[in-house]
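Before any comments, here is the structure.
Please treat every number below as a calculation from the coordinates, not as lab data. Treat the numbers as computed from the prediction; the structure is a model and nothing was measured. Neighbour counts are summed over all protein chains in view; Cβ atoms, including those assigned to glycine, are modelled from backbone coordinates with ideal geometry.
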Amino acid sequence: MSDHVNVTPHKPAEPAPGMRVRPSAIDIAAFLCGLFAFASLALWGFVSWPLPWNIVLGIGAPVLAILVWALFVTPRAVLAVHPFVRAVVELLVYASATIAWWSMDMAWIGVAFGVIAVTVGVISGRRRFA
């Protein structure tokens, strides 16, 4: 006979109808990384281009990123895709914000954001698979 006790994990309790699960710290960090990426793309568009194009790219770049994010990455995404596709799209948005910082000659901000965003993405992605 073994000394080990058979323990089966229980599903977390479902919230009451009409209620949502409280977001965790990693969910909030992922949200803030997304906001920073969109703001970075807007700043890049407004600062890096001459007058007629700065308005187009300052508004267009974050709108395009938000559209792609809403289609594939959000918890209530319009298109249900494989989690790896979702991770690739999320990584592309983060990489575009990192490249935007590099093109504005602020490589250290881009590197710091890239490391933080990928770390948060990996942690939140692993939580989705658990």
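At a Förster distance of 22 Å, what's the computed FRET efficiency of Asp27 paired with Val63, Cβ-Cβ distance as r, to 0.05?
So the FRET efficiency works out to roughly 0.40.
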query = Can you give the calculated 222 nm mean residue ellipticity of the chain, where each DSSP H run of n ≥ 4 adds -39,500 (n - 2.57) and the sum is split over every residue, rounded to the nearest 500 deg cm²/dmol?
reply = -24000 deg cm²/dmol
query = Of Pro15, Leu43, Ile99, whose Cα points farthest to the positive end of the dipole of the chain (charges on the beta-carbon: +1 Lys, Arg; -1 Asp, Glu; origin at the Cα centre)?
reply = Pro15
Residue list for region 83-98, given a label point 7 angstrom along the Cα-to-Cβ vector of Phe36 and an amide N cut-off under 18 Å = 90-98
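Specify, per residue and in Å³, the volume enclosed by the convex hull of the alpha carbon atoms belonging to the chain.
Here the figure is 153 Å³ per residue.
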query = Do you know the relative contact order of the chain, to the nearest whole percent, from alpha carbon pairs under 8 angstrom that are 6+ apart?
reply = 22
ask   = Rounded to the nearest 0.05, what FRET efficiency is calculated for Asn54 and Trp102 with R0 set to 22 Å and r the Cβ-Cβ distance?
value = 0.75
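Scanning the chain for trypsin sites (Lys or Arg not before Pro) in DSSP loops with at most 14 other Cβ atoms within 10 Å, what's the longest stretch left with none? Please list the in-between numbers first.
Numbers: sites that count: Arg20, Arg76.
It works out to 21-75.
What is the order of Val111, Val120, fewest Cβ neighbours within 10 Å to most?
Working: Val111 13, Val120 21.
With the sparsest Cβ surroundings first, the list reads Val111, Val120.
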inquiry  = Under 10 Å, Cα contacts only: if you run a Gaussian network model on the chain, which one of Val81, Val73, Val63 comes out with the highest mean-square fluctuation?
reply    = Val81
